[in-house]
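K.L.:
The following block contains the structure, expressed as structure tokens.
The values are calculated or read from the model by the stated rules, or taken from the named source; none is laboratory data. A quick note: this is a predicted structure, and the numbers were derived from the prediction, not measured. Using ideal geometry, Cβ is built from the backbone for each residue, glycine included, and neighbour counts are taken over all protein chains shown. Calculation scope for accessible area: heavy atoms of the full protein, side chains included, ligands and nucleic acids excluded. Shrake-Rupley method; radii C 1.70, N 1.55, O 1.52, S 1.80 Å.
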Amino acid sequence: MRKWAVIYSSTTGNTKAIAEEIAGASGGDLFRVQDAPTDLSAYDVVALGYWLRRGGPDDLMKTYLPKVKDACVLLFQTHGADVGSEHAVTSFARAAYLLGESAEILGTFSAQGKLSPALIARRKKSDPDDTHNSPEAQERWVRAADHPNEEDRAAARTFVEKMEHKLDLLDKFRRAQEEKKHSRTAIPR
């Protein structure tokens, strides 16, 4: 396997749980974003995990993302939104936009996570017409309360296997391209 750095930001433990699964499955080094190295050149893969705040990565990860340069990156996130929702998908684009130069995104992983009780209490006090306090939002809070669960953890482990396989295929493709390039430039005898 390749050498992985798994860097995460977490306040409720949701993203930490997924980060631990990714680090365990990859044999990677696990770092809280506050303790993460800025020189990532020793790593083949850099997995960056965050929780969503206002439709994008949380503030700690937002500060770190521009420091990630010249790296093969995986983005993973946890959130109270439904997996695959526009909110969840758009947040990947917002994180990608913040990455440093020459960072290449290999893949993304998303898992639902429980909301903090304090956040739910604040939202319940807000205007009932606010979409963050709608009946649909409250139903999502209930669905999210049991996440990340074992199914989410297993999906994170499978994600690592899929990304390793994808990297194997990319390596094979690059070798074939290099061989093709050399065969064209070889001098006939």
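K.L.:
Of the accessible area of region 1-93, with the probe set at 1.4 angstrom, what percent is carbon plus sulfur?
P.N.:
47 percent
K.L.:
Go through 29-38, 42-51 and give me the packing order, highest mean Cβ count within 10 Å leading.
P.N.:
With the highest mean Cβ count within 10 Å placed first, the list reads 42-51, 29-38.
K.L.:
First measure r as the distance between the Cβ atoms of residue 41 and residue 185, then evaluate 1/(1 + (r/R0)^6) with R0 = 45 Å and state the FRET efficiency to the nearest 0.05.
P.N.:
According to the calculation, E is roughly 0.90.
K.L.:
Report the calculated FRET efficiency for residue 172 and residue 31 (r = Cβ-Cβ distance, R0 = 30 Å), to the nearest 0.05.
P.N.:
0.50
K.L.:
Ordered by packing density, taken as the mean number of other Cβ atoms within 10 Å over each peptide's residues, highest first, how do 89-100, 167-178, 15-26 rank?
P.N.:
By packing density, highest mean first, the sequence is 15-26, 89-100, 167-178.
K.L.:
Mind checking which aspartates and glutamates have their C-alpha under 20 Å from residue 67, skipping anything on the same chain fewer than 8 residues away?
P.N.:
Within the straight-line cut-off, residue 67 pairs with 29, 35, 39, 44, 58, 59, 101, 104.
K.L.:
So what J values fall out for region 43-57 if you push phi through Karplus, 6.51 cos²θ - 1.76 cosθ + 1.60 with θ = phi - 60°, rounded to Hz, Gly and Pro as x?
P.N.:
10, 7, 9, 10, 9, 10, x, 8, 9, 8, 9, 6, x, x, x
K.L.:
Same structure, new question: Scan around residue 6 for amide H atoms under 5 Å from its own, H built in the peptide plane at 1.01 Å from N, and keep only partners 5 or more places away or cross-chain.
P.N.:
Residues meeting the criterion, in which the H sits 1.01 Å from N, are 29, 30, 31, 47.
K.L.:
Which lysines, on any chain, are close to residue 172 with Cα under 28 Å apart, when same-chain ones fewer than 8 places away are left out?
P.N.:
Within the straight-line cut-off, residue 172 pairs with 3, 69, 162, 180, 181.
K.L.:
Tell me which residues come under 5 Å, amide H to amide H, from residue 105 once H is placed; ignore anything under 5 positions away on its chain.
P.N.:
Counting only residues 5 or more places away or on other chains, the set is 73.
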